[in-house]
Amino acid sequence: MRSFSNAMATVRLRHNLLMMLAKLRDRLALIKAKEHITVKEAALLLSCSQSHIRKLVMLARKGKARRPVPYVDMEGVTIFPRESLLDWARPTSHLQVVKHEAA
């Protein structure tokens, strides 16, 4: 009986995982079809938090970013040109080496 319960739990887990992956695939397909995306969509596309996206926008607004994130302020609503955002997120041709020194 116990192995049957474990098997059923595994089947449910697999089903739930497949449903989550299908939902994520559908969300990404919708994002890819749009010219401009929201903060939430940008965070999903770049695999970071919404608060990090908002921080990037704040730094760009204040002129404190070396590579400001491309965004559009539509009367208080922040959106991103999807292609420009993806171009911005691609690694630059120069790699930056970060050295950690002992304190």
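Can you name every residue in region 26-43 that is within 23 Å of THR92 (Cβ to Cβ) and free of Cβ contacts under 8 Å to residues at least 40 places away in the same chain? Explain how you work it out, then say what you get.
Taking region 26-43 as the starting set, the residues that turn out to be within 23 Å of THR92 (Cβ to Cβ) are 37, 42-43.
Across region 26-43, the qualifying residue is only ALA43.
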**Q.** Matching residues in region 70-93 - criterion: being under 21 Å from LEU30 (Cβ atoms) and assigned to a loop (DSSP other than H, G, I, E, B)
**A.** PRO70, TYR71
Q.
Return the pair list, or none, for Cβ contacts closer than 7 Å from residues in region 73-87 that are small (Gly, Ala, Ser) to residues that are surrounded by 10 or more Cβ atoms within 10 Å (Cβ to Cβ), at least 6 apart or on different chains.
A. SER84/PRO70
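Each reported figure results from applying straightforward, stated rules to the coordinates on display, with no laboratory input. This one's a predicted model, so the numbers in the text were calculated from it and none came from an experiment. Methodologically, a virtual Cβ is constructed for each residue, glycine included, from the backbone with ideal geometry; neighbour enumeration extends over all protein chains shown.
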